[in-house]
Every structure is written in C-alpha cells, then in structure tokens.
Amino acid sequence: MKVLVTGGAGYIASHTDLELLNAGYEVVVVDNLSNSCIEAVRRVEKLAGKKISFYEADILDKEALREIFKKEKADAVMHFAGLKAVGESCAIPLKYFKNNISGTVTLLEVMSEMNVKMLVFSSSATVYGNPSKVPVTEDFPLYAINPYGRTKLIIEDMLRDLYASDNSWNVALLRYFNPIGAHESGEIGEDPNGIPNNLVPYIAKVAAGVLKEIRVFGNDYDTPDGTGIRDYIHVVDLAIGHIKALEKLNENPGIVTYNLGTGIGYSVMEVIRSYEKACGKELPYVVTDRRPGDYAISYADPSKAYKEMGWKAVRGIDKMCEDSYRWQSKNPNGYKS
Ligand code: NAD
Ligand code: WQD
C-alpha cells in the first residue's frame, strides 16, 4: 500500500514516514520545505534502508498535486502539512487560513478527482480550547482560542461535512496532545527555526548551552506546583498511532476521531526535572509572567484509541527527555549540523 504524506519532511511526519517504511508501506512525501529540510527525508531513508519518493511542492499548487497523484497512484493520504505557531497565527491569521484551510481544500479536491478517499489528518488537542475538566474525552465541546486552533477546527468540520455528503470517504481525525522527543537513534528530531516557542525544544537549547535559561511561564496556576500541566507524548508513539489509524480505516471504514496522548499530565517543573536527569546537569530557569492564551491543565483520556484501534503510548516522560537530548547533542544545529 502506498501512502502520500503531506508535510512529510516535518517533525512528526518524518517519524511517521519511518514507521510506515518499517511496516512495509511505500511512502511519497510532498513538502514545500517551508519549515523543514530535505535532510530529514534522507535520514529516514537511511534508517529504514528504503527509498521515499520526494516532491518539493506546495499543497496550494493544484496542478503540481494533480501530477503527483497521477504519477504515484497513492492509496491513502496522511495530511500533516500546515503552519503551527500559535503566536504567529495571532499576528498573521490570513497566512494560516490560506495555508492550512485553503491548502486542505485544494488537497481534498485533488483527492476527490483522483478517487483517493482515505485520509489521516493531523488535528490537535487545541480543538478543545481551554478544557473545563480533565481528562479530556473526544466528545468534549470544541472551540478555538486562537487562529491556528480555528484552522484545525474548521478542517475537522469540513471533513465531517465531506463524509456526511459522501460516505465513501474514509477519515481519521487524530487529536495530538503535546508531541516531544525524537527517534532513539538521534538521527531525526524536532528542528525549529529560531528561538523555540514550545517548552521541550526550549529546554533542549538550554541544556545544549545555546540559550541561557528556561522561562517558566507562571507558577501561580491552580496546579500542585503552580506550573502548567500538559500531556506530553513521545513522537514515535504518535507516529505508530498513525499506522494503527490506517489499519483501522482499512478494516473498518468510516470517520473516526481519536485523542493521541498518554493520559498522564506533567507540570513544567516536572518536565525540567526529567530533562535534568536526561542531561545529567542542573538547568537554570526563571519564573516569568504567564504567557497570554495559556491555561492551567490539559491531558487526554486516550482510552478510545486503545479500545478501537489497540493503540496506546508506551514511552514515558524520562524516555521522551532522553531521546530529545540525544537528538540535540548529536545535532546541535539541527539538520544543518
Ligand atoms: P512541522 O512544521 O515540523 O511539519 C509541517 C510540515 O508541513 C513542514 O515540513 C512544512 O514544510 C510543511 N508545510 C507547511 N505548509 C505546507 C504547504 N502549504 N505545502 C506543503 N508543505 C507544507 O510541524 P509538526 O510539529 O511536525 O506538525 C505536523 C502537523 O501536526 C501540523 O499540521 C500541526 O499543526 C499538527 N500538530 C502539531 C503539534 C505539535 O505540537 N507539534 C500538535 C498538534 C498538531
Ligand atoms: C507547554 C507548557 C507553557 C514554553 C502548543 C500549542 C498546541 C499544540 C502543542 C499544535 C505550558 C509552558 C512553554 C516555555 C513554559 N500544537 N512553557 N516555558 O502551549 O501546551 O501547546 O503546542 O497543535 O496547539 O498551543 O505547548 O510546549 O508551548 O507549552 O513554561 O518556554 O509549558 O506555559 O504550560 P502548549 P508548549
């Protein structure tokens, strides 16, 4: 079976490409390299000992997509391509609406023309907004708290409408919690441009001596140590979740929605402590004001994914930090190292 992976050179998709190849799937990557490097794809090929068909193309380019679909005759699509920086989405929402929403419409039009109707979509726990209680189940109310989140919500709604109009579509909406870590080889990992926005990539740069100190965004939340709690999930567990979703769609067609998280929440301070164990040194930090738009606590109830597709995350927080640190140490400047 051949899977076309949009955004396939990116962080989560590169780990998924590798799991797909290891599981015997053929992989076609379409990426405009706006937030990634071709080197990620090359390293995946090396780790798997198999080739990937790579196309540098934008999902907004309908003609290019048509040509790729005609040539490759993929059976299914995993759709990761998208912009994901929450702060940037507040500053330039139109860029996010065009890239994420229009890009997805273009992709769906071409899939429809080519009669490829199996899709695994990268959604996000951001569709739960600021959840009113935890753990979060898939039937919680959905709402956006920033333009990035709105793109995920609108795409989810579009896919539900599309399926309602034509139930020969076969769709998995995967709501990721907080993906971190790297493949245990240390050969592929997260390589953000500039100063990282997210906690663990930032800690990694402090551990590597590139940044001076971790900024803890508020210690006055209503949590045991006052810092924000999130459900961090190892990127390899997440990648394997995509293979399970594809198997589920093949065996039992329809539209499905799953939380992909561990079900365990860790505070910012607990993550720092775990990372200190991984890198074997104390990490300097300073407590600052809360970051606008942040909330106290979110973690998944991932039991539906286990019940319906036999998936659960097995890698714990210490392993996530160890693998993150290995990737950071082996590649101090990311793929440009
Ligand atoms: P990433 O930026 O590493 O990967 C996205 C990839 O898509 C990049 O390689 C980028 O070059 C490509 N891309 C973007 N726009 C494109 C376009 N118009 N045409 C072709 N390629 C394009 O990000 P990631 O963290 O791997 O995230 C992958 C997906 O998962 C995204 O849709 C993101 O919104 C979603 N997601 C990420 C997280 C997270 O915390 N990392 C959490 C939930 C959901
Ligand atoms: C985690 C915790 C911060 C940075 C974001 C998106 C979400 C999803 C995943 C895509 C929070 C604290 C952070 C720092 C800190 N992405 N923090 N110092 O905000 O839970 O989720 O990524 O779908 O949509 O919003 O992740 O890693 O930024 O923050 O103290 O330098 O760490 O306040 O409690 P977040 P994060």
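Values in this text are rule-based calculations from the coordinates and carry no lab data. Please read all numbers here as calculations on a predicted model, not as lab measurements. For neighbour counting, all protein chains shown are included, and Cβ atoms are generated from backbone atoms with ideal geometry for every residue, glycine included.
Listed values, structure above:
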item: Spacing of the two label points (7 Å from each Cα toward its C-beta) at Ala164 and Ile264, in nm; result: 4.0
item: Gained length - Glu213 relative to Thr288, 0.36 nm times residue gap less alpha-carbon distance; result: 25.9 nm
item: Kirkwood hydrodynamic radius of the chain, from inverse mean 1/r over distinct Cα pairs, in Å; result: 20.2
item: Proximal lysines relative to Lys277, as straight alpha-carbon distance under 17 Å, when same-chain residues fewer than 8 apart are discounted; result: Lys205, Lys319
item: 3J(HN,Hα) from dihedral phi, region 15-29, Karplus parametrisation 6.51/-1.76/1.60, rounded to Hz, x for glycine, proline; result: 5, 6, 3, 5, 5, 4, 4, 4, 8, x, 7, 8, 10, 10, 10
item: Above-threshold pairs, the threshold being 18 Å between Cα atoms, out of Lys2/Lys336; Lys152/Lys244; Lys51/Lys73; result: Lys2/Lys336; Lys152/Lys244
item: Extension reserve of the Asn193-Val105 stretch, reckoned as 0.36 nm per residue once the Cα distance is removed; result: 29.0 nm
item: Proximal aspartates and glutamates to Lys50, defined as alpha-carbon separation beneath 12 angstrom and excluding residues fewer than eight positions away on the same chain; result: Asp17, Glu19, Glu26
item: Karplus (6.51, -1.76, 1.60) ³J(HN,Hα), θ = phi - 60°, over region 36-45, in Hz, Gly and Pro reported as x; result: 6, 10, 4, 4, 4, 5, 4, 5, 4, 4
item: Under 17 Å from the Cα of Lys281 - aspartates and glutamates, other chains or at least 8 residues apart; result: Glu213, Glu270, Asp318, Glu322, Asp323
item: Length-normalised contact order of region 4-132 in % [C-alpha pairs under 8 Å, at least 6 apart]; result: 26
item: Loop-exposed GluC sites (Glu not before Pro) per DSSP, neighbour cap 13 Cβ within 10 angstrom, longest uninterrupted part of the chain; result: 1-212
item: Distance in nm between pseudo-label sites at Asp318 and Asn333 (7 Å out along the Cβ direction from Cα); result: 3.5
item: Exposure proxy order (Cβ contacts within 10 Å, fewest to most) of Lys205, Lys244; result: Lys205, Lys244
item: Relative contact order %, region 58-156, counting alpha carbon pairs below 8 Å whose residues are six or more apart; result: 36
item: Taking the convex hull of Cα positions in region 129-287, its mean projected area over all directions (nm²); result: 11.4
item: Equivalent-ellipsoid semi-axes of region 207-337, from the Cα gyration tensor, Å, largest first; result: 31, 20, 12
item: Relative contact order %, the chain, counting alpha carbon pairs below 8 Å whose residues are six or more apart; result: 19
